[in-house]
Every structure is written in C-alpha cells, then in structure tokens.
Amino acid sequence: MAGSVPITFKQLEAIYWIANLGTFERASLKLNTTQSAISKRIQELELTIGTPLFDRSQRGARLTEKGAYIVHIAEEMLELQDRITVLRDGAAVPVHHIRFGVTELVAMTWLPRLVTLLREAYPGVVLEPEVDMARNLYERLLDDQIDVIIIPDTFSAPEVTSLILEEVQNEWMAAPGLVTGANATLSLQELSSYPILSQGTRSGSGLFFSKWMRNQGIVFPRQVSSDSMTALLGLTIAGLGLSYMPRDCFKSLIDEKKLEVIAATPALPLVPYSAMYRNDRPTNVAQKVAEIAQEACDFSSQFQNIPSEN
C-alpha cells in the first residue's frame, strides 16, 4: 500500500543524482554503489509514493512530472544535510539573520555604531532591528521572538543573561524660566509643585524612576505620562512641565537655551543599561552580539557612527 514504507535519504539521494547525471550508471558511480542497488532504491521510492517517477516508455532517465517534483525535494534535503555537516569538528553555526531590539534612547545615540560593527562581524547577514518600549522588547525576548535586546536593567529571569553596558545620568530639565529659583538646588518636594512629565509603565527608565521615587516617599500630584521620550522632550521644551532626561544626549538643547537643568536633591540615580539574551539557546550568537553592543555603547551624543577609514 502506498505510503506504508518510509522514504529514506538514500532513495532521495539516488533520484537526485540520476536526474543530475543523466543515467542510473553514473549515479551508482557517484554514490559508490551498484547500478542494481540504485534501481532498487528507485523502485522502493516509487512503491512508497505509489506512482512512477521515470517515464520508462522513453529512452534514458526521463523524469515524470511527479519525479521532477521529488527531485526538487531531494535537492532541499541534500542542502540541509550539507548545512548540518558544516557543524562537524566544531565549525561555527552559520548566521543568516540577527533580531535585536533597542529603546528610543539607544536609537538616537549609538545605534548607527552598533549596526556598523554588526555588519563588520557578520557580513551578508540580514539585520532585523526593532525600536520599542523596554517592557515590550523584554516580553518578545521571553517569547523567543527576538535574539538580543538593549534596555534599562529593570527586568530579570533565570533564563536571561544581562550584560551591563553603561550607566546613564539623567537630570531634571525644564524650559528656561519655568522653574522659580532654577539656579538653586531644589528638593523633590519643591519640584512636586510643578507638572511632572514622566515616562510610562512600559518604559524601562519610567519603571526605574517610578520605583526610586516611591522609595524616596515622594508623590507628584500632577503628572503627564508618555511612553515616547521624543514626545516628552517636545512637551518639556514647550514649557508644560519638568521631566527627567539623559543629560549628555541632550546637551546641545541645553547649550541652545531650549532646556535648562534643574538641580535637585537627592540627585537622580544612574540608570544601568544592559544587553539581554536568552542563555538557554544552543548557539552563542546572541552573546557575541551583546559583546559587540558593549563595544559600541556610547550615550554621550546623538546619532553616532564609526568614521570611515577612507
């Protein structure tokens, strides 16, 4: 009965080489076996599939339509075998694509540097970047939908390795003239009299500072929340409230008098950024990408790249 006998790799190998070399005899020489053995493999394959694979009314090894289709499948199987064989003797796993996610701050600072270094380390590999909120990226990492994420170090799980990259200094900022006594050092309680523009609960920095402020025992009665740092920046420059922003990244806006730093006590803590990846996966590509991120990391200015040697 058709389909009752399993198809073997040797049968697929036989039909592939018959089709490519033109005769059963040449295929037998290629596979270092006898012509009768090759014929037997084809007969068994035809019995299993339940249809002739060669047109025996014609001279030579003329494939039927279904035979040509089987040859196409056999070619794919041989390619898969070659890919597995490459791994013998400790050969590196071929990398075809790298899925990585970054937050908005990384995208507007050192993402171009990271892309340059990844292309140098993995030429020809398709890079699949995502820019999203830290919580969203972390959930995608846990779901195995992304390989490496770069976010504030606010989440943890046993199956996730976190490689610390750098700590980012944030400062309270406002439009010039908004805060009375801006030249003095203000308490958090004094800051609470102003509208506070804060990052939302899907933001790593937002979660980090929200926890810190709770520990300080401070509650800001007037808050406007947004998951977009760019939106908060626009609202702050428009004079609608105070926000905490990465100091070095937006230094140019301070120099242009669009923002001013508001000194406060206690000072905002440093935000640790990490490259995170699953440690329960069979390859070390994600670890290598995280190490490249450690080399590329630099939050000091916007849209950095590596100068060309030319």
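Listing for the model above:
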| quantity | calculated |
| --- | --- |
| Residues (of a type in the set (Ser, Thr, Tyr) and modelled with pLDDT under 90) located in region 194-224 | THR201 |
| Hits in region 120-153 - residues which are closer than 21 Å to LEU105 by Cα and part of a helix (DSSP H, G or I) | ALA134, ARG135, ASN136, LEU137, TYR138, GLU139, ARG140, LEU141 |
| Region 212-263: number of residues that are basic (Lys, Arg), within 16 Å of SER198 (Cα to Cα) and touching a residue at least 12 places away in the same chain (Cβ under 8 Å) | 2 |
| Subset tally (residues that are over 35 Å from the mean Cα position of the chain (by Cα) and charged (D, E, K, R)) for region 214-254 | 1 |
| Meets criteria (assigned by TED's automatic domain parsing to the domain that holds ARG135 and not in a helix (DSSP H, G or I)) for SER162 | yes |
| Count - residues of region 269-304 that are of a type in the set (Ser, Thr, Tyr), more than 17 Å from VAL115 (Cβ to Cβ) and assigned to a loop (DSSP other than H, G, I, E, B) | 2 |
| Residue count for region 205-243, restricted to those that are buried (at least 16 other Cβ atoms within 10 Å of the Cβ), aromatic (Phe, Trp, Tyr) and over 20 Å from ASP132 (Cβ atoms) | 1 |
| Flag if GLU166 is in contact (Cβ under 8 Å) with a residue 60 or more places away in the chain and not basic (Lys, Arg) | yes |
| Subset of region 244-263 [in a strand (DSSP E or B) and surrounded by fewer than 20 Cβ atoms within 10 Å (Cβ to Cβ)] | GLU260, VAL261 |
| Candidate set: region 184-207, residues that are outside any strand (DSSP E or B) and either among the charged types (D, E, K, R) or within 15 Å of LEU259 (Cβ to Cβ) (or both); chosen: the one nearest to the chain's Cα centre (by Cα) | ARG202 |
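The values are calculated or read from the model by the stated rules, or taken from the named source; none is laboratory data. Source: prediction; values computed, not measured. Cβ: placed from backbone, ideal geometry, glycine included. Neighbour counts: every protein chain shown.
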